[in-house]
1. What figure, in Å² to the nearest 10, do you get for the accessible area of Ser71 with a 1.4 Å probe and non-protein molecules left out?
2. Where Lys and Arg each count +1 and Asp and Glu each count -1, what net charge lies around Thr47 among other residues with Cβ under 10 Å from its Cβ?
3. For the chain, the longest stretch holding no GluC sites (Glu not before Pro) located in a DSSP loop with at most 16 other Cβ atoms within 10 Å is which?
4. Is there a pair in Lys11/Lys39; Lys56/Lys131; Lys63/Lys105; Lys11/Lys105; Lys25/Lys131; Lys11/Lys63 whose C-alpha atoms are over 19 Å apart, and which pairs would that be?
5. Looking at Tyr72, His49, Leu26, which one has the Cα that reaches farthest to the positive end of the dipole of the range 1-106 (charges on Cβ: Lys, Arg +1; Asp, Glu -1)?
6. Per residue, how much accessible area does the chain have with a 1.4 Å probe, in Å²?
7. Restricting to Cα pairs below 8 Å that are 6+ residues apart, what does the relative contact order work out to for the range 3-68? Please round to a whole percent.
8. Just to be sure I understand: with springs between alpha-carbon atoms less than 10 Å apart, which residue in Val42, Val62, Val123 has the highest mean-square fluctuation in the Gaussian network model of the chain?
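The values are calculated or read from the model by the stated rules, or taken from the named source; none is laboratory data. As the structure is a computational prediction, the values presented were derived from the model and not from experiment. As a convention, Cβ positions derive from the backbone with ideal geometry for all residues, glycine included, and neighbour counts pool all protein chains shown. With ligands, DNA and RNA removed, areas are computed over all heavy atoms of the protein, side chains included. Shrake-Rupley method; radii C 1.70, N 1.55, O 1.52, S 1.80 Å.
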Amino acid sequence: MDLQRIELLRKNFLFRELGDIELEKLGRVCIEEIHPAGKAIVTEGETGHDLYLVLKGGVNIVKGEGQSFLSYIGSGGYFGEMAVFLEAAERTASCMAAMDTTTLKIDRHTIDSFCEENPAAGVRIYRAIIKALAERLQATSGDLAMMMKAQIMDQSKITGLVGKTK
């Protein structure tokens, strides 16, 4: 088993709490893919089923027809995690190889089978995704509250504006 593969899995938030034997089992069922620079790895709007871990190289995350740059994911990073946990999850952005890039791909079925065969590891994986989703929800709620605060006028300003129109 390639130690680089195991270490990459260990760095991923989903698999961080797994032991060496569990990581080795999971590493054996990952599919290694090589993507030339500029190639779309996933495309916005398509149905996704796979999680990708970046082994070597890097990936640009882009959105919309204009391919607006959102972020860069380098070696050790990951993308597509929501597709593993949501049925018929539609990709919310495209992921393009920024350079020649090697990824490890794990599909939903493989994760499900692994968790069924290794229930203790499955619990740790699902706890990790719950924690990540809760953190994202908390951050999104904070962002939404800030946006709403910026859009809501103080009641005294509204009363003043209404008073001027009378």
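1. Ser71 exposes around 40 Å² with every protein chain in place.
2. That sum, taken over residues with Cβ under 10 Å, equals -2.
3. 88-166
4. In this structure, Lys11/Lys39; Lys56/Lys131; Lys63/Lys105; Lys25/Lys131; Lys11/Lys63 exceed 19 Å between Cα atoms.
5. So the residue furthest toward the plus end is Tyr72.
6. In whole numbers, the chain has 61 Å² accessible per residue.
7. Relative contact order, the range 3-68: 31 percent.
8. Among Val42, Val62, Val123, the largest GNM mean-square fluctuation belongs to Val123.
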